[in-house]
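What follows is calculated from the coordinates using simple rules that are stated; it is not laboratory data. The model shown is predicted, which means the values in this text are computed figures rather than measured ones.
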Amino acid sequence: MRELHRQSRGDRRRGSWMLVGFALAWLAVTGSILWALMAAPVAAEGLPRLVISPTVVDFGTIRKSGGKVEATFTLSNEGRAPLRIQRIVPT
């Protein structure tokens, strides 16, 4: 004779609690991600922001015998915190 397996009341409750646990974990993860995304612009307001103008200078083709070339760049801080430039290396 074949026996049919029935879920006991305890098995059903355990499955329901597992579902609730997964739902709460999903809400916690998505809530944390959303909170971090919304808080990022607020945190960035108190940082320095370096702006360089012009961003690119094209000297064209330069020969070694042509001597040195120069360009002038303007560096400005458009942020809300002090900007500290420790080193500039031309490339």
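Quick query: amide H of residue 79 versus all other amide H atoms, modeled in the peptide plane; which residues come in under 5 Å with a sequence gap of 5 or more or a different chain?
49
For residue 18 and residue 30, calculate 0.36 nm times their separation in residues minus their Cα-Cα distance, and state this gained length in nm to one decimal.
2.5 nm
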